Amino acid sequence: DSVCAPPELVICGSGHDINPVIELAKRVGFNVTVVTFRDIIANDTRFPTADRVQTTAPADIRDSITFDTDTYAVIMSHNFVDDRLALDELLSTPTEYIGMVGSRERFEEMQDAFTAEGRQFSTSELNRIYTPAGLDLGGGTPFHIAQSIIAEVTAIHHGRVPQHLTDRTGPIHKRPSVSQSGNE
């Protein structure tokens with residue numbers, strides 16, 4: 001049996017709505033790094049359950065954090081310019097999931113701003129951007145929103161397209177294969 005490192009969730013932002021996302025991500029097995037863009041609020045007491053809290057400029061995220069295909073990111077700074085810079089930086093990483101909190105219209109406005117600067121998103125980049133982040137679970141509290149985001153990230157991490165289990169054919173979980181050897 002091999003031992004795998006837990007997946008990493010990088011959350012960009014510093015609002016109080018981040019703590020429920022951290023807590024739920026930790027409960028389902030993610031290591032969590034919070035990246036803030038304001039020195040004043042980057043401390044362990046504001047995000048006590050995070051594994052790491054890092055402060056950097058949005059355009060310098062890759063200088064502070066190593067990203068691989070087992071790293072997932074959620075942008076939730078609620079600042080249009082910071083979110084835009086963070087998105088552009090995260091698209092230069094191999095992460096397969098970049099969730100953005102906010103409305104679809106806000107993302108369209110962001111795309112317009114990129115287009116005005118001559119930056120077009122490729123289809124493969126757009127396929128990695130999940131906005132608004134999360135699944136449609138219907139709740140609006142910070143914990144409901146966190147549940148929605150973490151459910152989506154978890155599905156992507158496990159290579160699943162989120163769907164109702166009632167619509168799934170076959171087994172719900174992978175079954176370990178059992179092999180017999182004569183050495184028992």
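Numbers at a glance
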read-out	value
Gap separating the Cα centres of segment 1-36 and segment 125-149, nearest whole Å	15 Å
Fluctuation leader among V74, V32, V161 - the chain, Gaussian network, Cα springs under 10 angstrom	V161
Among G134, G15, G159: highest mean-square fluctuation, GNM of the chain, C-alpha pairs under 10 Å	G159
Helix-only mean residue ellipticity at 222 nm for the chain, each DSSP H run of n ≥ 4 adding -39500 (n - 2.57), per residue, nearest 500	-9000 deg cm²/dmol
Built amide H within the under 5 Å cut-off of V53, gap 5+	V34
Highest-fluctuation residue, F121, F107, F30 considered, GNM on the chain with Cα pairs under 10 Å	F121
The chain - percent relative contact order, Cα under 8 Å, separation 6 or more	18 percent
Cα gyration tensor shape for the chain, rounded if a/c is under 1.5, else prolate or oblate	prolate
Accessible solvent surface per residue of the chain, calculated while the other protein chains remain in place, 1.4 angstrom probe, Å²	58 Å²
Portion, in percent, of the accessible area of the chain that falls on carbon or sulfur, probe 1.4 Å	49 percent
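The values are calculated or read from the model by the stated rules, or taken from the named source; none is laboratory data. Fair warning: this is a prediction, and the values are worked out from it, not measured in the lab. Ligands, DNA and RNA are stripped out before the accessible areas are found, and what is left, the full protein with its side chains, is counted by its heavy atoms. Shrake-Rupley method; radii C 1.70, N 1.55, O 1.52, S 1.80 Å.
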